[in-house]
Each structure stands twice: as structure tokens, then as C-alpha cells.
1. Counting Lys +1, Arg +1, Asp -1, Glu -1, what net charge surrounds Trp40 among other residues with beta carbon under 12 Å of its beta carbon?
2. May I ask for the percentage of alpha-carbon pairs in the stretch 1-91 that lie more than 17 Å from each other?
3. Please give the per residue accessible area of the chain, computed with a probe of 1.4 Å over protein heavy atoms only, in Å².
4. Please list, by residue number, everything in the stretch 85-123 whose backbone N is under 15 Å from a paramagnetic label point 7 Å out along Cα→Cβ of Lys177.
5. Given points 7 Å out from each Cα along the Cα-Cβ axis, report the Asp50 to Arg137 separation in nanometres with one decimal.
6. For all pairs of alpha-carbon atoms in the stretch 57-153, what percent lies in each bin of width 5 Å, listed from the first bin to the last filled one?
7. List, in order, the whole-Hz ³J(HN,Hα) value for each residue of the stretch 228-242 obtained from phi through the Karplus relation with A = 6.51, B = -1.76, C = 1.60 and θ = phi - 60°; use x for Gly and Pro.
8. So what is the orientation-averaged projected area of the chain, using the convex hull of its C-alpha atoms, in nm²?
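The values are calculated or read from the model by the stated rules, or taken from the named source; none is laboratory data. Everything numeric in this text was worked out from a predicted model, so none of it was measured. All Cβ positions, even for glycine, are placed from backbone atoms using ideal geometry, and neighbour counts span all protein chains on display. Quick note on the areas: whole protein, heavy atoms, side chains included, nothing else; ligands and nucleic acids left out. Shrake-Rupley method; radii C 1.70, N 1.55, O 1.52, S 1.80 Å.
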Amino acid sequence: MNARVLHLPVNLAGTGWSHVNALRRKGVDARLLVFWPQKWRPDEYDINLDLPRQGLLRQQAIQWRALARYLPQTDIFHFYFGKTLVPKSLNMPILRAARKKSVMHFLGDDIRGKRPDELEYRKKFDACIVGSYAATRWVPDPTAVIPPGLDLRDYEPVPAVERERPLVVHAPSDLEKKGTRHVVEACSQLPVDLDVVHGVPHDEAVERFKRADIVVDQMHYLWHGVFAIESMAYGKPVVTHLDPQAVAQTEEAFGVKVPIVSATKDDLVEKLRPLVDSFELRKRLGAEGRAYVERVHDLDKVADRFIELYASIL
């Protein structure tokens, strides 16, 4: 595919950066533009606008200059998180007038709990992507469901270790939103050690959850996040809150069983107990998790899905 693709304007959890690198490996001219880099990923961008943190007029001046510069150089604008380069009401007519194609890629928090009218703007884009079937309760008509991808070359499975007190790791980006207090409460009722990984650089977080025997993702949302995917890539059994209908849709779409233990804040102790008691179960679910990630979340396959989508709108 010889289209020039610009991903922008955020790099949440390294998503945009991993996508453009995967596309480049397949020969696509893809770049990532950010308003400013992520704190824990300061070098992950091709173009950094480095917007001032305050001063709307100064921000807009920089954003409009960027649009003027990159509009002629780009065939497809791949936006993330409900954001555009300049205000949507102006950005979208300009792209249409310039005969440029556009994709809006929702990542989760940008749509969760929103009313249908709040997301009506999605129809102004040539394509709309969500990352899971759970997200279709807010975006019922996505062009594609493309799960987040990992470069599995960076994830060597960690062999399971049998120990008397299994180590449970929970790595919340937000303690309240991820239901951390429920995880702490459940683990206090079981013969386990708990490591809550919060507010540390990504590399340090990875080293800590590589030591896990069991990973608990979150208790409030309907689907898992990137943390759970990374944990499965390392061969860890994962427990989180899942929407049963989305599980069924995922299994049908990708032809593989979702090997995650689904739990709520009310039955978390009950769902954790078999994993705590059985090393063999932990080992089996860890292996199934790795196989699942290879099937569904391999970044190479995700890039192929993007290329297919781009070809369909050009």
C-alpha cells in the first residue's frame, strides 16, 4: 500500500507508536504526530508539536500550522481517542475538501459511558475503529473491531513457578476506576502476596508483573486493557471483569476461546481461589493466554487489519 498515513494526536499506552512501527515494517509510509509525548514514553513519536500546556490561542496556532504543513503530505489521517488536529467542526470539512481520508480509532475511556448523541461525530469519518466487542455498546456501528496489538518479539513467556503463597499483581492506571480496593480486600482473604504496581515507569511495572503468578486487571469495566494483554503475552493467568456477550462475539470473530477468568468485585475471592490452589491451572491458563495473544493481539496481524481497512476507504 503506497498511501501516506499520519497517526495522531496521542500515544496512549504506546498504542500509536507501536502501530506506526508495525506499519512501517510492512512498507507503509506511516508516522506518529503527538501534541506532547507521554510521560513514561518520552521518545515515542515522529513529530512532537510540544503544545504549551496553557493558552488556547497559542495551542491552536501551532495546531493549525501543523495541519497546513501535513495536509499535503498525508493521504489518510488516523486519529485516536476522539481527538483531531484542530477542532472537528473545521478539521473534517477541510479533510473532505482536500480529498483526504480519515479514521477515528476509539481506545476506551473516550467512549465509555457516553450517550449516543455525544459520539454522533464518529459518522464524519471515513472509518471508525473500536478495540473490542464490548465497545460496541457505545459505538454500535464500527467499521472494524481491531484489538490492541503487541510486538510479541518483545515478550518472552516467563515459566510458571510453583510456590506456597502465589504472588498476585495488580497494576492500575487509576486506583478508583480499576477497583483496586476490591482487589486488596479479596487478596486479604486468601493465602497470597499482593503487589499493587502504580505510578511507576512502564519498564519497572513490566519487571514487577513478570514475577506474577496471577494477574488481576480491573473490576469495573466490561473488558480488559493492555496490561492484561501484556500479562498474557508473558504467560500469566489473568482475572478481570468481562462482558459475557463480548466474550462470545470475540470467540466467534477470532475462532479462539478467551482464556481470561471473568470476575466481579463480588465474586473475586471465589474466582481467585482455584488459581491460588492449583499451580497446574495457573500454568495451563498462562499457556492458553499466550496462544490467545498470538492469535488476536499480534501486532503484525493488527497492522494487516489496518492495511485492509485503509485499502477499503481509499
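1. Details: positive: Lys39, Arg41; negative: Asp43, Glu44, Asp203, Glu204.
Around Trp40, the surrounding residues sum to -2.
2. On the way: 1928 of 4095 pairs.
Considering the stretch 1-91, 47 percent of its Cα-Cα pairs are separated by more than 17 Å.
3. Numbers: 14630 Å² over 314 residues.
Normalised by residue count, the accessible surface of the chain is 47 Å².
4. 106-114
5. Result: 4.3 nm between the two label points.
6. Per 5 Å bin, starting at zero, the Cα-Cα P(r) for the stretch 57-153 comes out as 2, 12, 23, 21, 16, 14, 9, 3, 0 percent.
7. In residue order, the calculated couplings are 5, 5, 4, 4, 5, 4, 7, x, 9, x, 10, 10, 7, 8, 10 Hz.
8. On the way: hull surface 63.6 nm².
Its average projected convex-hull area is 15.9 nm².
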